[in-house]
Amino acid sequence: MKIISSEIQAKEVLKNYTDIVLVPTMGNLHDGHISLVNKAKEIGKTIVSSIFINPLQFGVNEDFDSYPRTLENDLIQLESAGSHFVFHPSKEILEGIKNRKAPPLSKKMCGKTRPEHFDGVVTIVGKLFEVIKPQFAVFGLKDYQQFLIIKNLASLSDFETEIIGSDIVRENDGLAMSSRNNLLTSDNRLLAPEIYKRLCWIKENISNKSNEILIKDSIDFFKKKGLVPEYLKICDPDTLEDLNHFSGRALIAIAIKLGAVRLIDNILLD
Ligand code: AMP
């Protein structure tokens, strides 16, 4: 596995590859990230993973400084997963970067509390696409709103990258794997599986209760545990507009803070 550490080097080393699958990450890798590399291996020949903690997608009071940095261990995992290259640029990648605006979809759900987050995401991912020129890029469906926004980005005429969504990988107790799970207190770690359990409860009841009741009961459920979801939605998987009734397709999505740690999760009914 070769490590590429600058834009110039990336353009030189990768210029003759036409079958690249890109797996963008911010490092602190877990099995969720590795599943993206495995997915990439199914669809293309040359796997380029990237590790860059992008300051543009963190708000001023968010956890950029405390975001876990575990490069050495990340590289070991990527190598054994079969990544051929790792693009690990320094922050010079941001110099002269083309600032991009995420589409209106970015104002919903996570965009309500993280208003500039998705602009930062499309700016860096646009840059990665420009530099790496991947044929495919794999994104986790755990960040479902991000997946939709990146699909929108890739549809712009600047790019010829096809976006592939990859299923959510969970701990044995159902908690969606996340780099932030390690930051949970032990009490909150015990509470965290309730998030996915509740999404499953909504899924099980979606045909026999109204969406309004499902949301209300679930918010009451979390309140009894001392938690208030930032959002809990049953919405259209393409537009993220709230759905009043279930008619076959829906995204059940939540963001919730456990102490200082913000977690997101979802179930896609398709
Ligand atoms: P991050 O390093 O958190 O920016 O995530 C990099 C990529 O890994 C994104 O496409 C995420 O959606 C994906 N990802 C993170 N956690 C999971 C998970 N538990 N299952 C599947 N994909 C994930």
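What follows is calculated from the coordinates using simple rules that are stated; it is not laboratory data. Note that the structure is predicted; figures quoted are calculated from it, not measured. So basically every Cβ, Gly included, is an ideal-geometry build from the backbone, and we count neighbours across all protein chains shown.
Figure the gain on full extension for ASP65 and ASN99 (residue separation times 0.36 nm, minus the Cα-Cα span) and round it to one decimal in nm. Don't skip to the answer; put the middle values down first.
Numbers: separation 34, 0.36 × 34 = 12.24 nm, distance 2.21 nm.
So the chain would gain 10.0 nm between ASP65 and ASN99.
Just the number, please: percent antiparallel of the DSSP beta bridges in the chain, rounded to the nearest 5.
Details: 17 of 36 bridges.
Counting DSSP beta bridges with both partners in the chain, the antiparallel share is about 45 percent.
Using a cut-off of 12 Å between beta-carbons, work out the net charge of the residues near GLY226 (Lys and Arg +1, Asp and Glu -1, GLY226 not included). Before the final figure, lay out the partial values.
On the way: positive: LYS223, LYS224, LYS225, LYS257; negative: ASP187, GLU194.
Value of the local net charge: +2.
For the chain, set up a GNM with springs between Cα atoms under 10 Å and report which of ILE234, ILE219, ILE150 has the largest fluctuation.
ILE219
For the chain, what is the Kirkwood estimate of the hydrodynamic radius, computed as the reciprocal of the mean inverse distance between distinct Cα atoms, to one decimal in Å?
On the way: mean 1/r = 0.0515 Å⁻¹.
Over the chain, the inverse of the mean reciprocal pair distance is 19.4 Å.
Once the piece of chain linking LYS197 and GLU72 is laid out straight, how much longer is it, given 0.36 nm per residue of separation minus the C-alpha distance between them? If you can, show how the numbers build up before the last one.
Numbers: separation 125, 0.36 × 125 = 45.00 nm, distance 3.41 nm.
Answer, rounded to one decimal: 41.6 nm.
Using the Karplus curve 6.51 cos²θ - 1.76 cosθ + 1.60 with θ = phi - 60°, work out ³J(HN,Hα) for each residue of the stretch 211-220 in order, rounded to whole Hz, and write x for Gly and Pro.
4, 4, 5, 4, 5, 4, 4, 6, 5, 4
If you average the alpha carbon positions of the stretch 1-46 and of the stretch 114-182, how far apart do those two centres end up, in angstrom?
Result: 14 Å between the Cα centres.
Given a cut-off of under 8 Å on Cα pairs at least six residues apart, what relative contact order in percent is computed for the stretch 2-166? Let's see the in-between values first.
Numbers: 276 pairs, mean separation 48.7, N = 165.
With pairs under 8 Å counted, the relative contact order is 30 percent.
Which cross-chain or sequence-distant (5 or more) residues have an amide H under 5 Å from the amide H of PHE52, H modelled 1.01 Å from N in plane?
THR25, MET26, GLY27
Residues with beta-carbon under 15 Å from that of GLU42, excluding GLU42: net charge, scoring Lys, Arg +1 and Asp, Glu -1?
Working: positive: LYS39, LYS41, LYS45; negative: ASP19, GLU162, ASP167.
Neighbourhood net charge equals 0.
Can you compute 3J(HN,Hα) from phi for each residue in the stretch 244-251, using the Karplus curve 6.51 cos²θ - 1.76 cosθ + 1.60 with θ = phi - 60°, rounded to whole Hz and x for Gly and Pro?
Taking θ as phi minus 60°, the curve returns 7, 10, 8, 9, x, 10, 6, 10 Hz for the stretch 244-251.
Taking neighbour Cβ counts within 10 Å as the exposure measure, how do THR70, THR25, THR18, THR46 sort from fewest upward?
THR18, THR70, THR46, THR25
Could you work out the local net charge near GLU171, counting Lys and Arg as +1, Asp and Glu as -1, over the other residues with Cβ closer than 10 Å to its Cβ?
0
Check which residues have an amide H placed less than 5 Å from GLY140's amide H, if you skip close sequence neighbours.
It is SER166, by chain and number.
Determine ³J(HN,Hα), in whole Hz, for all residues of the stretch 178-185 in sequence, where each value follows from phi through the Karplus function 6.51 cos²θ - 1.76 cosθ + 1.60 and θ = phi - 60°; x replaces Gly and Pro.
7, 4, 8, 4, 5, 8, 6, 5
As a footprinting exposure proxy, order LEU153, LEU243 by other Cβ within 10 Å, with the fewest listed first. Please report the intermediate quantities before stating the final value.
On the way: LEU153 23, LEU243 18.
Ranking LEU153, LEU243 by Cβ neighbours within 10 Å, fewest first, gives LEU243, LEU153.
Arrange PHE136, PHE64 by Cβ neighbour counts within 10 Å, fewest through most, would you?
Numbers: PHE136 18, PHE64 14.
By the 10 Å Cβ count, ascending: PHE64, PHE136.
Just LEU232, LEU240, LEU190 to compare: in a GNM of the chain, with alpha carbon springs under 10 Å, which one fluctuates most?
The residue that fluctuates most here is LEU190.
Kindly provide the trypsin sites (Lys or Arg not before Pro) of the stretch 13-92 that DSSP labels as loop, not H, G, I, E or B, and whose Cβ sees at most 14 other Cβ atoms within 10 Å. If you can, show how the numbers build up before the last one.
Details: sites: LYS15, LYS39, LYS41, LYS45, ARG69, LYS91; in loops: LYS15, LYS45, ARG69.
Those that pass, being in a loop and sparsely packed, are LYS15, LYS45, ARG69.
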